[in-house]
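Q: Sharing a structure with you now.
The values are calculated or read from the model by the stated rules, or taken from the named source; none is laboratory data. Bear in mind the structure is a predicted one, so any value in this text is a computation, not a measurement. Because the Cβ atoms are built from the backbone with ideal geometry, glycine has one as well, and the counts that use them run over all protein chains shown.
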Amino acid sequence: MASKSPTEIRTEALAVTEPIGCHPRELPLSEVVTLRPPPAARKRCLALFAVVAVAFGLDRQTARHWLERENLYSNCSTEERRFLKHGSDDERDALRGSVEALWALAWALELVPSLSWNELCANDFIELFPDLRVGASSQTFAQPARLRDVNELSVATDAAFLLHHCHVASRLEGRSAPNGVPEYAVWNRRRALEWLTGTEEWDEVSLDT
């Protein structure tokens with residue numbers, strides 16, 4: 001399937017955002033630079049899962065040992081590796097929101113059927129991942145790894161950009177926020193999608209609006 005133009009991507013993204021109250025001003029069109037290789041997306045998803053598990057209470061040492069055994073520790077970002085060693089409670093609270101980034105990556109890997117902007121991630125989707133408490137292997141997760149069509153990923157990335165802009169503008173201007181998922185979920189999902197469709201390292205992903 002041929003890649004759609006930035007204008008076509010924007011039209012489809014607006015069809016997603018406008019029904020939930022996001023009517024952005026004219027913004028620069030988005031264009032996918034590149035897609036990460038599916039195996040890299042798979043490894044990033046698994047590494048983020050371990051970090052999120054620690055944010056929700058898993059022992060740090062258990063997570064680190066699992067990541068090292070599965071050769072996934074290098075797929076954690078610099079900030080995540082620091083958190084896995086000695087992160088604060090404030091960082092733990094902030095990283096809990098990364099479950100929404102994990103949801104976006106799982107959707108991109110075709111592990112969950114939809115990326116609805118009207119509801120948060122499903123409570124039971126963690127069951128897709130290895131059980132870190134018993135040291136389950138990562139080898140059965142998303143094998144073979146594959147990604148959704150570039151056009152579908154492009155529309156989702158642009159929709160996340162538009163929704164993030166609307167949330168920020170609404171907050172700064174004292175207006176009601178768009179309906180649907182809250183800003184932290186939009187931010188985290190956008191971060192995952194921008195990483196997936198770009199070239200920046202996870203900690204350096206630009207989330208300007």
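Q: Of the numbered conditions (1) surrounded by fewer than 21 Cβ atoms within 10 Å (Cβ to Cβ); (2) at pLDDT below 95; (3) over 17 Å from the mean Cα position of the chain (by Cα); (4) not small (G, A, S), P178 fails exactly one; give the number of that condition.
A: That leaves (1) as the condition not met.
Q: Any residue in the stretch 119-139 that is in a loop (DSSP other than H, G, I, E, B), farther than 23 Å from K43 by Cα and of a type in the set (D, E, K, R)?
A: Checking the stretch 119-139: at least one residue is in a loop (DSSP other than H, G, I, E, B), farther than 23 Å from K43 by Cα and of a type in the set (D, E, K, R).
Q: State whether the residues of the stretch 188-195 include one that is under 18 Å from E26 (Cα atoms), in contact (Cβ under 8 Å) with a residue 12 or more places away in the chain and touching a His at 6+ places or on another chain (Cβ under 8 Å).
A: Of all residues in the stretch 188-195, those under 18 Å from E26 (Cα atoms) come to none.
No, that holds for no residue.
Q: Further question on the same structure: Quick check, is E70 in contact (Cβ under 8 Å) with a residue 40 or more places away in the chain and under 30 Å from S170 (Cα atoms)?
A: On the way: in contact (Cβ under 8 Å) with a residue 40 or more places away in the chain: yes; under 30 Å from S170 (Cα atoms): no.
No: the conditions fail for E70.
Q: Inside the stretch 1-35, can you point out the residues that are aliphatic (A, V, I, L, M) and under 13 Å from F161 (Cβ atoms)? Reasoning before the result, please.
A: Step one: list which residues in the stretch 1-35 are aliphatic (A, V, I, L, M), which gives 1-2, 9, 13-16, 20, 27, 29, 32-33, 35.
Across the stretch 1-35, the qualifying residues are I9, A13, L14, V16, L27, L29, V32.
Q: Can I ask one more? How about the stretch 8-64: which of its residues are more than 30 Å from E91 (Cα to Cα), surrounded by 19 or more Cβ atoms within 10 Å (Cβ to Cβ) and of a type in the set (K, R)?
A: R10
Q: With the requirement that a residue be touching a Phe, Trp or Tyr at 6+ places or on another chain (Cβ under 9 Å) and assigned to a loop (DSSP other than H, G, I, E, B), what does the stretch 166-178 give you? Write out each step before concluding.
A: First, pick out the residues of the stretch 166-178 that are touching a Phe, Trp or Tyr at 6+ places or on another chain (Cβ under 9 Å): 167, 178.
Scanning the stretch 166-178 gives a single hit, P178.
Q: State which residue is surrounded by the fewest Cβ atoms within 10 Å (Cβ to Cβ) when the search covers only the stretch 80-125 and only residues that are within 29 Å of E152 (Cβ to Cβ), charged (D, E, K, R) and touching a helix residue (DSSP H, G or I) at 6+ places or on another chain (Cβ under 6 Å).
A: So, considering only residues that are within 29 Å of E152 (Cβ to Cβ), charged (D, E, K, R) and touching a helix residue (DSSP H, G or I) at 6+ places or on another chain (Cβ under 6 Å), the one surrounded by the fewest Cβ atoms within 10 Å (Cβ to Cβ) is R96.
Q: If you don't mind, there's one more thing I want to ask. Of all residues in the stretch 8-44, how many are among the hydroxyl-bearing types (S, T, Y), part of a helix (DSSP H, G or I) and under 21 Å from the mean Cα position of the chain (by Cα)?
A: In the first step, residues of the stretch 8-44 are kept if they are among the hydroxyl-bearing types (S, T, Y); the result is 11, 17, 30, 34.
This time we only want the ones that are part of a helix (DSSP H, G or I), so: 11, 17.
Imposing the further condition that a residue be under 21 Å from the mean Cα position of the chain (by Cα) reduces the set to 17.
Number of matching residues: 1.
Q: On to the next question. With (1) in a loop (DSSP other than H, G, I, E, B); (2) closer than 21 Å to R190 by Cα; (3) modelled with pLDDT of 95 or more as the list, and S114 as the residue in question, which single condition is left unmet?
A: Only one criterion is unmet by S114, namely (3).
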